[in-house]
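The values are calculated or read from the model by the stated rules, or taken from the named source; none is laboratory data. All of these numbers come straight from a predicted model, not from anything done at the bench. Because the Cβ atoms are built from the backbone with ideal geometry, glycine has one as well, and the counts that use them run over all protein chains shown.
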Amino acid sequence: MENTAKKTVLSCIQPSGMLTLGNYLGALKNWINMQEEFDCTFAVADLHAITVRQEPAKLRAQIHSTFALLLALGLDPERSTLFIQSHVPEHSQLAWLLSCYTQFGEMSRMTQFKDKSAKHADNVNVGLFAYPALMAADILLYNPDFVPVGADQKQHLEITRDIANRFNGIYGDVFKIPEPFIAKTGARVMSLQDPTKKMSKSDENLNSWVAILDTPDDIMRKFKRAVTDSEARVCIGEEKHGINNLIGIYSAITGKSSDAITAEFEGKGYGDFKMAVGEAVVEELRPIRERYEQIIKDKKQLEELYKAGAAKAERTAIRTLSKAMKKVGFVL
Ligand code: ATP
Ligand code: LTN
């Protein structure tokens, strides 16, 4: 039974490629922990993914695989609501409403829009610009208390709060004002090849990032090749970006402090340390990959789960959308 006393959580992830160790440590691992304490709703944000050009067959496969991965990670469809964004049309409908309460000027300040329009200069479409209104709709439909995201999404959370406050200011209390929830550990995993940049699945250097579904051999090879420095001492240091990053990853997985890690590798070389980090990552990801391989095989079961998830999500979404539409003056 649903426990109405529990605080609520909502988050989404785009199906825009292979999810990385950065996505896992920065976002997804938190989702799993939050299931214990909160009433959670998580979605695959496929509508957001088409703000950059996607190949249809590939997009379809990625939506399936991202949903399967959420299950493999341990998100439980009995306990949490798991669905695919485009299956709940209220997201697009509320996004349109909210876009009429969002100013061109405030939208123009979004740094993700600036970054992505520079990266995709041949396709600076209106959807890419209006992206935060859709994200605000994703959130406000479910009245969550908390929205767990990586640090890069904070600005989108702030605009969501501004839009909600503006709407409530005109029409009364329609939307709950959500709080961002940003993890302390693993919030920023860096590239293994250039540890001054964040680990990103869109990085062309395949050795720079680890996919959650990489094989143990691939993971070990990438860690063995990870860029470090010439000091050969495993400790945090201002200029030791590579080692700092490896310590951060090892710490996020094992729960050990950086001092404990330094003590553990005293007198040992970087080679040993890289092997240990690689092995810790392999063991952390192994059960996820094994479960994923089972889950992705059963398309029928997957379909049943995402359909049931959408039906459950839509019950809440319809309620919020109707309330907002009524307030604006639509005939329902
Ligand atoms: P890209 O790497 O293609 O720029 P992305 O992985 O940053 O995309 P999303 O898939 O939208 O973009 O990210 C999903 C979540 O993972 C977000 O909450 C984001 O903050 C988090 N995240 C992404 N990369 C990292 C990273 N290197 N370290 C920590 N968290 C990350
Ligand atoms: N923009 C987010 C993905 C996203 C999201 C959301 C996150 C879409 N809708 C609603 C939290 C809540 C991203 O790029 N990580």
Identity of the residue in region 24-43, crowded, with 23+ Cβ neighbours inside 10 Å and near ligand 1 (Cβ under 7 Å from one of its atoms), that ends up farthest from Ile288 (Cα to Cα): Gly26
Lone qualifier among Ala164, Ala232 - being free of Cβ contacts under 8 Å to residues at least 40 places away in the same chain, farther than 30 Å from Glu283 by Cα and touching a helix residue (DSSP H, G or I) at 6+ places or on another chain (Cβ under 7 Å): Ala164
Filtered residues of region 1-40 (kept if in a helix (DSSP H, G or I), farther than 18 Å from Ser251 by Cα and in contact with a Pro (Cβ under 9 Å, 6 or more places away or on another chain)): Trp31, Met34
Condition check for Leu59: surrounded by fewer than 22 Cβ atoms within 10 Å (Cβ to Cβ), under 14 Å from the mean Cα position of the chain (by Cα) and either modelled with pLDDT under 95 or within 16 Å of ligand 1 (Cβ to nearest atom) (or both): no
Region 96-138: number of residues that are of a type in the set (A, V, I, L, M) and touching a Ser or Thr at 6+ places or on another chain (Cβ under 6 Å): 5
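Only one residue in Pro216, Pro178 is within 16 Å of ligand 1 (Cβ to nearest atom) and either touching a Gly at 6+ places or on another chain (Cβ under 9 Å) or at pLDDT 95 or above (or both), so which one is that?
Just one listed residue meets the conditions, Pro178.
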Filter pass, Asp259 being closer than 24 Å to Lys29 by Cβ, among the charged types (D, E, K, R) and over 25 Å from the mean Cα position of the chain (by Cα): yes
Subset of region 154-175 (residues that are buried (at least 19 other Cβ atoms within 10 Å of the Cβ) and within 12 Å of ligand 1 (Cβ to nearest atom)): His156, Leu157
Every residue from region 99-122 that is surrounded by 10 or more Cβ atoms within 10 Å (Cβ to Cβ), outside any loop (DSSP other than H, G, I, E, B) and not charged (D, E, K, R): Ser99, Met107, Ser108, Thr111, Gln112, Phe113, Ser117
All positions within region 131-145 that are crowded, with 19+ Cβ neighbours inside 10 Å and not charged (D, E, K, R): Tyr131, Pro132, Ala133, Leu134, Met135, Ala136, Ala137, Ile139, Leu140, Leu141, Tyr142, Pro144
Complete set of residues in region 169-206 that are outside any loop (DSSP other than H, G, I, E, B) and out of contact with any His (no Cβ under 8 Å at 6 or more places or on another chain): Gly169, Ile170, Tyr171, Glu179, Pro180, Phe181, Lys198, Leu206
Among the candidates Ala252, Ala151, residue that is within 30 Å of Leu94 (Cβ to Cβ) and either crowded, with 16+ Cβ neighbours inside 10 Å or not charged (D, E, K, R) (or both): Ala151
Of all residues in region 2-23 being of a type in the set (S, T, N, Q) and more than 8 Å from ligand 1 (Cβ to nearest atom), the one that is modelled with the highest pLDDT: Thr8
Breaking point among (1) closer than 24 Å to Ala324 by Cβ; (2) modelled with pLDDT under 95, for Gln112: (1)
Candidate set from region 9-26 (those that are over 19 Å from Val52 (Cβ atoms) and of a type in the set (Gly, Ala, Ser)); member that is nearest to ligand 2 (Cβ to nearest atom): Ser11
